[in-house]
Amino acid sequence: MLHKGSCHCGAVQFEVEAADEVEVEDCNCSICQMSGFLHLIVPLRHFRLMQGQDHLQSYRFNTGTAEHLFCKTCGVKPFYVPRSNPDGMDVNLRCLQTRPKQVTIVKFDGQNWEQVGPQLREKSQ
């Protein structure tokens, strides 16, 4: 199923292919707690930026592996390249205009990322 998404102001627009039933992570790390990001990790081939490359600002912290991408205009982070899946894309479920029919939200202990991060690896395969 193809879903359209965007940042708040609409400057950044994207499409993501996802199943009708998905599992997303609700992470308790410092950045996810503050931003309310719900993680839908997909293979990069299932993601397409439609417009707004020039509106994206990159932010990296800690190991510098994850590339957090924010809209320069409205500040919303609709997707990013995750540390756990650098070959994939992590889409914020809350930024989708249409959502998969069934969404299961699971708690993810991002405060202990070193121990639990590798369990997400298969999500971008």
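In debye, nearest 20, what is the charge dipole magnitude of the chain about its Cα centre with +1 on Lys and Arg Cβ and -1 on Asp and Glu Cβ, if you could check? Display every interim value, and only then the final one.
Numbers: 13 positive and 14 negative charges, 62 e Å.
That gives the chain a dipole magnitude of about 300 debye.
When the chain is modelled as a GNM with alpha-carbon springs shorter than 10 Å, which of PHE108, PHE14, PHE61 fluctuates the most?
Result: PHE61 has the largest fluctuation of those listed.
Obtain the nm distance between the two label points defined at VAL106 and SER58 by a simple spin-label model: each point lies 7 Å from its Cα along the Cα-to-C-beta direction.
3.0
For n ≥ 4 DSSP H runs only, could you compute -39500 (n - 2.57) per run for the chain, divide by its residues and tell me the 222 nm figure to the nearest 500?
On the way: 2 runs with 10 residues, N = 125.
Taking each H run of at least 4 residues, the total per residue is -1500 deg cm²/dmol.
Kindly state, to the nearest 0.05, the FRET efficiency for ASP26 paired with ASP87, given R0 = 30 Å and r defined as their beta-carbon distance.
Details: r = 23 Å, r/R0 = 0.76.
E between ASP26 and ASP87, to the nearest 0.05, is 0.85.
Quick check on the range 11-125: what does the Kirkwood estimate of hydrodynamic radius come out to from the alpha carbon pairs, in Å? Spell out each step's value before the answer.
Working: mean 1/r = 0.0699 Å⁻¹.
Result for the range 11-125 stands at 14.3 Å.
I need the phi-derived Karplus couplings for the range 83-89: 6.51 cos²θ - 1.76 cosθ + 1.60, θ = phi - 60°, integer Hz, Gly and Pro marked x.
4, 5, 9, x, 9, x, 9
Given springs between every Cα pair under 10 Å in a Gaussian network model of the chain, which of THR98, THR63, THR73 has the largest fluctuation?
Judging by the Gaussian network model, the answer is THR63.
Show log10 I(q)/I(0) for the range 20-81 at q = 0.17, 0.26, 0.29 Å⁻¹, two decimals, from a solvent-free Debye sum over equal Cα scatterers.
Evaluating at q = 0.17, 0.26, 0.29 Å⁻¹ gives log10 I(q)/I(0) of -0.68, -1.37, -1.42.
Read-outs throughout are calculated quantities, based only on the coordinates presented, and are distinct from any laboratory measurement. Nothing here was measured: the structure is a model prediction, and the numbers come from that model. Cβ coordinates were reconstructed from backbone atoms using ideal geometry, including for glycine residues, and neighbour counts include every protein chain displayed.
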